[in-house]
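Before any comments, here is the structure.
The values are calculated or read from the model by the stated rules, or taken from the named source; none is laboratory data. What you are looking at is a predicted structure, and each value in this text was computed from that prediction instead of being measured. So basically every Cβ, Gly included, is an ideal-geometry build from the backbone, and we count neighbours across all protein chains shown. Accessible surface is based on the protein model in full, side chains and every heavy atom, while ligands, DNA and RNA are left aside. Shrake-Rupley method; radii C 1.70, N 1.55, O 1.52, S 1.80 Å.
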Amino acid sequence: MRPSRSARGGGAAPAAWELLLPAASAPARTRGRSLQEALREAVRSGRLTPGTRLPSSRDLAADLGVSRGLVTEAYEQLTAEGYLRSGRGAGTWVGAAVRAAQPPAHDLAPRPPGARADFVPGTPDLALFPRAAWAAAQRGVLAELPHQELGYPDPRGLPRLRTALAELLVRRRGVVADPERIVVVSGVAQATTLLGFALHARGARTVGVEDPGSPQHDTLYGAAGVTAVPLPVDDEGVALEPLRSSGVRAVVTTPAHQFPTGIAYSARRRAELLDWARSVDGIVLEDDYDGDFRYDRAPVGALQGLDPDHVAYTGSVSKSLAPGLRLGWVLVPESWAEEVVERKRTMDLGHPALDQALFARFLERGDYDRQLRRCQRAYRDRRDALVDALDAHLPGSQVSGIAAGLHVIATLPGRYGPQERFLTRMAEAGVAVRPLSAYAHSRSGSDGAGEVQLVLGYAHVPPARIADGVRLMAEAAAG
């Protein structure tokens, strides 16, 4: 194609001609739309800057080898949208209202620290995700799901999934599970927020949280206008006297495997906690974050099974499948159900129906039980590898919280302290670890004081790398 007079004359025409050539080669039925989008993107990206004069429709059509009508239509459409401006006899110009394109989207998802050894707790092994079984369940659901179930779901969740979850939770966790009181949510984080809003609506402005405990509680309950009140944890669970004197009427607990200390609440403390809830007409918010993973005996049953009227029970697939699925559940007392369900309705109109149907099929066919058994075997082996490596490379370390879960508490011999120096050496060596003090809500001392206590996650670390990681930790600690 020989350049027209406008293209040979310089200015904006050569740029416009070159940018729009691919659009001019599009199939005839999409050429007009392609031309508009190409011109729009040239303006958005800043390649055609505000104030640039464009070729006449006649000249540009000749340059591109398209009809003048296509160019005229493109100019008129982009002028109507504000990308271009024109005046009778004054030509067509790039509008001043347009700004350069926004920078590329950034990924704010939490990622592994890129360390030489990573023992930060809280992450399962995502390589264990059952891709083949999940894909098969997805194909089955897409083939069988009635069209009407792709509409807005019951905000509590699909009846099929709530029924399957109730059967699972009764069988594996010993809860009293009425499908009518199960709400399917986007993980325990959303369950926490829903319960926070329900507390606030009932006039509560404080909620007790375990100390040490999950640092997310402050933010999640704070978003609902409820302040987290730290309550110390002793060898049996959350301490009763501080709880009674705090004035709170709701408390968050992890009784099956306290996070992060790893203790299981004693039978006495579980009974005392429920007696407290009844005496103040309060509620215990039970976070069963890793209750399925117990290695020395059958998992400790959920607290909710002892008093379903005073315990709200939450769980998710974040440790058993993958946190990216954003799939969990909350089982609420009957007197709380209506307000929690209504808050879920106004928050997002219900969890995605296709995802719910897929997980329901996964549960019904036994795939989820198989996945739990697979994970339990893998994580038990990794726990044993970590305990053995600590004994070999950091002799004298005391390890606790190993009966269940995805992390252990390691208390190192005094020669490795003070803790501040130890953590500095780990950072310099590229070993990612978290001290127990990082999970304290109320800080009475410095991280640099006292013995070195670490919360070491192992679930996400391949077995072959556990020993190497602990050896690297020992070398760095020795200086």
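Could you tell me which residue out of Phe119, Gly305, Ala337 lies farthest along the dipole of the chain toward its positive end? Charges go on the beta carbon: Lys and Arg +1, Asp and Glu -1, centred on the Cα centre.
Ranked along the dipole, the leading option is Phe119.
Please compute the Kirkwood hydrodynamic radius of the stretch 394-479 from all pairs of different C-alpha atoms, in Å with one decimal.
Over the stretch 394-479, the inverse of the mean reciprocal pair distance is 13.4 Å.
What Kirkwood radius, in Å to one decimal, follows from the Cα pairs of the stretch 358-410? Working shown, then result.
Details: mean 1/r = 0.0778 Å⁻¹.
Radius from the Kirkwood sum: 12.9 Å.
What is the sum of charges around Val226, taking Lys and Arg as +1, Asp and Glu as -1, for the other residues whose C-beta is under 14 Å from the C-beta of Val226? Kindly include the intermediate steps, with their values, before the conclusion.
Details: positive: Arg202, Arg205, Arg249, Arg343; negative: Asp218.
Cβ neighbours under 14 Å give a net charge of +3.
Hey, any idea what % of the chain's accessible area is carbon plus sulfur with a 1.4 Å probe? If you can, show how the numbers build up before the last one.
Numbers: 11430 of 22270 Å².
With neighbouring chains kept in place, the figure for the chain is 51 percent.
Only four residue types carry charge here, +1 at the Cβ of Lys and Arg and -1 at the Cβ of Asp and Glu. Report the dipole size of the stretch 156-204 about the Cα centre in Debye, rounded to the nearest 20. Each step should come with its number before you reach the end.
Details: 8 positive and 3 negative charges, 19 e Å.
Taking the Cα centre of the stretch 156-204 as origin, the dipole is about 100 debye.
Past the 26 angstrom mark, what percentage of all C-alpha to C-alpha distances in the stretch 91-225 do you count? Let's see the in-between values first.
Numbers: 5069 of 9045 pairs.
Summing the P(r) of the stretch 91-225 above 26 Å gives 56 percent of all pairs.
Net charge near Tyr265, counting Lys/Arg +1 and Asp/Glu -1 over other residues with Cβ under 11 Å of its Cβ? Provide the component values of the computation, followed by the final result.
Details: positive: Arg268, Arg269, Arg270; negative: Glu210, Asp234, Asp235, Glu236, Glu272, Glu286.
Overall, the nearby charge balance is -3.
Please give the solvent-accessible surface of Arg345 in Å², to the nearest 10, using a probe radius of 1.4 Å with every protein chain present.
100 Å²
Could you give the size of the charge dipole of the chain about its Cα centre, using +1 on the Cβ of each K and R and -1 on the Cβ of each D and E, expressed in debye and rounded to the nearest 20?
On the way: 57 positive and 54 negative charges, 468 e Å.
It works out to roughly 2240 debye.
Suppose all protein chains stay in the model; what accessible area per residue would a 1.4 Å probe give for the stretch 92-164, in Å²?
Values: 4840 Å² over 73 residues.
Ligands and nucleic acids excluded, the figure is 66 Å² per residue.
Compute, for the stretch 337-479, the length of the dipole vector about the Cα centre, with Cβ point charges of +1 (Lys, Arg) and -1 (Asp, Glu) only. Units Debye, rounded to 20. Before the final figure, lay out each step's value.
Numbers: 19 positive and 18 negative charges, 52 e Å.
Charge dipole, the stretch 337-479, about its Cα centre: 240 debye, nearest 20.
Can you give the accessible area of Ser25, probe radius 1.4 Å, in Å² rounded to 10?
Its accessible surface works out to 100 Å², give or take rounding.
Have a look at the DSSP beta bridges in the chain and tell me what percent are antiparallel, nearest 5. Spell out each step's value before the answer.
Numbers: 27 of 45 bridges.
In the chain, DSSP labels about 60 percent of beta bridges as antiparallel.
Which log10 I(q)/I(0) values does the stretch 35-94 give at q = 0.15, 0.22, 0.25, 0.30 Å⁻¹ under the Debye formula, counting every alpha carbon as one identical point scatterer?
For the stretch 35-94 at q = 0.15, 0.22, 0.25, 0.30 Å⁻¹, log10 I(q)/I(0) is -0.38, -0.86, -1.12, -1.47.
Out of the stretch 261-319, which trypsin sites (Lys or Arg not before Pro) are coil in DSSP terms and have no more than 13 other C-beta atoms within 10 Å? Working shown, then result.
Numbers: sites: Arg268, Arg269, Arg270, Arg278, Arg294, Arg297, Lys319; in loops: Arg297, Lys319.
Here the sparse-neighbourhood loop sites are Arg297.
If we count every other residue with Cβ under 14 angstrom of Arg278's Cβ, Lys/Arg +1 and Asp/Glu -1, where does the sum land? Walk me through the intermediate numbers first.
Details: positive: Arg244, Arg249, Arg270; negative: Glu272, Asp275, Asp281, Asp307, Asp309.
It works out to a net charge of -2.
List the residues whose amide H sits under 5 Å from the amide H of Ile182, counting only those 5 or more places along or on another chain, with H placed 1.01 Å from N in the peptide plane.
Result for Ile182 returns nothing.
What would the Debye equation give as log₁₀ I(q)/I(0) for the chain at q = 0.06, 0.08, 0.11 Å⁻¹, counting only Cα atoms as equal point scatterers?
-0.43, -0.66, -0.91
Around Phe259, which amide H atoms from residues at least 5 apart in sequence, or from another chain, sit under 5 Å from its own amide H, with H modelled in the peptide plane?
So Phe259 has HN proximity to Thr254.
Over the chain, calculate the relative contact order: mean separation of alpha carbon pairs under 8 Å at least 6 apart, over the residue count, as a percent.
On the way: 834 pairs, mean separation 82.3, N = 479.
Relative contact order comes out at 17 percent.
Once each part is reduced to its C-alpha centroid, what is the distance from the stretch 51-109 to the stretch 120-198 in angstrom?
Here the two parts' Cα centres lie 49 Å apart.
When the Kirkwood hydrodynamic radius is evaluated over all pairs of different C-alpha atoms of the stretch 22-137, what value in angstrom, to one decimal, is obtained?
Values: mean 1/r = 0.0552 Å⁻¹.
About 18.1 Å, per the Kirkwood formula over Cα pairs.
Starting from the stretch 190-266, pick out the trypsin sites (Lys or Arg not before Pro) whose DSSP state is loop and whose Cβ has at most 13 other Cβ atoms within 10 Å. Write down the numbers at each step before the final one.
On the way: sites: Arg202, Arg205, Arg244, Arg249; in loops: Arg202, Arg205, Arg249.
In loop regions of the stretch 190-266 (DSSP not H, G, I, E or B), the sparsely surrounded trypsin sites (Lys or Arg not before Pro) are Arg202, Arg205.
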